[in-house]
Amino acid sequence: GGGGGAAMAEGEALVSVDYEVSGKVQGVFFRKYTQGEAKRLGLVGWVQNTSHGTVQGQIQGPAARVRELQEWLRKTGSPQSRISRAEFSNEKNIKALEHKEFQIVK
C-alpha cells in the first residue's frame, strides 16, 4: 500500500512483480490464458499451479503493461475461472528482463 511517489514520466521503466491468484483458478486453463495475455502485452515471466489450489508466478516488463496484466489477473482471468483474490508482492524496478518469454511452469 501507499504510493511510491516515483515520477510517472518514466513510462518504460521495467518492473518485476510476483503474484498469487486464489479462487477457482485450476483446471480452467488459467495458465494458458495468462500466458496469452502476457504475450499480447509483451511481458515475460512465468505462471504455475501451486499444491494448495492457487496460481502463482512472476511478471516482468514495462510498468504500464505490468499494471494491465495485474488488473486482468484481479478481475478477468480465463473464461471459466472465478477469482476471489489476487495478491502482488516483491515489486521492484529492474534494469533488464530476467526471462526470455512468458512460460507455463509445470
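Only the coordinates and a few stated rules stand behind these numbers; no lab work does. No experiment lies behind these values; they were computed from the predicted model shown. Methodologically, a virtual Cβ is constructed for each residue, glycine included, from the backbone with ideal geometry; neighbour enumeration extends over all protein chains shown.
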Helix 30-41 axis, angle to the chain major axis (alpha carbon atoms, nearest 10°): 30
Semi-axes of the equivalent ellipsoid for the range 45-84, Cα gyration tensor, largest first, Å: 19, 14, 7
Over 25 Å between alpha carbons, listed pairs K39/K75; K24/K95; K39/K92; K39/K106: K24/K95
Unit charges on C-beta of K, R, D, E only; dipole of the chain, Debye: 420
Folded to 0 to 90 degrees: helix 63-75 orientation relative to the chain principal axis, Cα: 30
Value of [θ]222 nm, deg cm²/dmol, for the chain, DSSP H segments ≥ 4, -39500 (n - 2.57) each, nearest 500: -7500 deg cm²/dmol
GluC sites (Glu not before Pro) lying in DSSP loop within the range 9-106, provided at most 13 other Cβ fall within 10 Å: E10, E12, E98, E101
For the range 19-104, the fraction of alpha-carbon pairs in successive 10 Å shells from zero, as %: 18, 57, 23, 2
Full-stretch length increase - F29, N93 - with 0.36 nm per residue and alpha-carbon distance subtracted: 20.1 nm
